[in-house]
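The values are calculated or read from the model by the stated rules, or taken from the named source; none is laboratory data. Quick caveat, the model's predicted, so the values are computed rather than measured. So basically every Cβ, Gly included, is an ideal-geometry build from the backbone, and we count neighbours across all protein chains shown. When the accessible area is computed, the model is the full protein with side chains, heavy atoms only, and any ligands, DNA or RNA have been set aside. Shrake-Rupley method; radii C 1.70, N 1.55, O 1.52, S 1.80 Å.
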Amino acid sequence: LQAAGCPEEKIEVLPLPLDLNTFTFVERQPPSAGEPVRLLSVGRLVPQKGMDILLRAVATLKPSRPFQLWIAGDGPQRPSLERLAAELNLGDKVSFLGWLSHAEVAEHMARAHLFVLASRTDPNTGDTEGSPTVLLEAQAMGLPVISTLHADIPFIVRDGETGVLVPEGNIEALASALDDLLRHPERWVEMGRAGRTLVESRHEMSHVGARLKAIYDQCLGWTGGE
């Protein structure tokens, strides 16, 4: 907008709104002895979601970091991703759940320990993400997030506070971030609480709606009343 000539003082960005009544906060605790850490990723199986990057990253994790990766979603890349998982010898460590309803996604978020979304620019088309709503939903439910420095993600995930952001397309950096949070489950509770607070303070639907109404009122020259 500024490049097109709009003065900066006339630009206001509204955060993506979320209905928090549908997302229950769950404080994350380490799994019981012998249980794997449950990782969850949700999205269409297309290049922008970086599911191939995620599979390659988890394949490098040490055997001492047991995990179970759930991938919820469907799309044109599913056959190639399933082949890649087999080639990487991930076996039963990865489950392709297919398309899930909104309620089913929320159920898996409640059971997961960490949420991962390896978003990137499509190497073939140059298409990018916007602001993935699923990252707000995960934070609203108390999930620490591991994602990428891509598109609007840095505006909805606070790096080092509500999650960890790494350069997009970087397998080693993603694996390192995963390994670090797997080794330090004591950070999960604090990150989860910070994520819920972030969504409540910036993205709660009624707050965003009230700000939008105020902007309309200002444009119409209304100073108060209904």
Reachable lysines, given that their alpha-carbon falls under 27 Å from the alpha-carbon of Lys213 and they are not under 8 places away in the same chain
Lys10
Would you pull out the residues with amide H under 5 Å of Val94's amide H, same chain only if 5 or more places away, H placed 1.01 Å from N?
Leu69
Return the sequence-ordered ³J(HN,Hα) values of the stretch 150-163 in whole Hz as given by the Karplus equation 6.51 cos²θ - 1.76 cosθ + 1.60 applied to θ = phi - 60°, using x for Gly and Pro.
9, 6, 8, 4, x, 8, 10, 10, 8, 4, x, 10, 9, x
Using the crude model of +1 on Lys and Arg Cβ and -1 on Asp and Glu Cβ, and no other charge, please compute the dipole size for the stretch 83-178 relative to its Cα centre, in debye to 20.
200 debye
Using amide H atoms built 1.01 Å from N in the peptide plane, name the residues 5+ places from Leu100, or on other chains, whose amide H lies under 5 Å from its own.
Gly73
Aspartates and glutamates whose Cα lies under 12 Å from that of Lys49, excluding same-chain neighbours fewer than 8 positions away
Asp74, Asp122, Asp127, Glu129, Glu168
Length gained when the stretch Ile11-Arg83 is fully extended (0.36 nm per residue, less Cα-Cα span)
21.3 nm
Nonlocal amide H pairs with Val166, under 5 Å, H built at 1.01 Å:
Ser147, Thr148, Leu149
Expressed in nanometres to one decimal, the distance between label points 7 Å along Cα→Cβ at Asp74 and Phe96 is 1.2 nm
Expressed in nm to one decimal, what extension gain is obtained for the pair Arg202 and Leu220 from 0.36 nm per residue of sequence separation less their Cα-Cα distance?
4.0 nm
Ranked output for segments 84-94, 164-174, 133-143 by mean other Cβ atoms within 10 Å, highest leading, reads 133-143, 164-174, 84-94
Accessible area, probe 1.4 Å, largest first, for residues His108, His207, His150:
His207, His108, His150
Kindly report the accessible area of the chain per residue (heavy atoms of protein chains, probe 1.4 Å, no ligands, DNA or RNA), in Å².
51 Å²
Which residues in the stretch 178-211 place their backbone N less than 20 Å from a point set 7 Å from the Cα of Thr133 along the Cα-to-Cβ direction?
196-211
Let me have the 222 nm mean residue ellipticity of the chain computed from DSSP H runs of 4+ only, each contributing -39500 (n - 2.57), with the sum over all residues rounded to the nearest 500.
-11000 deg cm²/dmol
With all protein chains present, how much of the accessible area of the chain (probe radius 1.4 Å) comes from carbon and sulfur, to the nearest whole percent?
52 percent
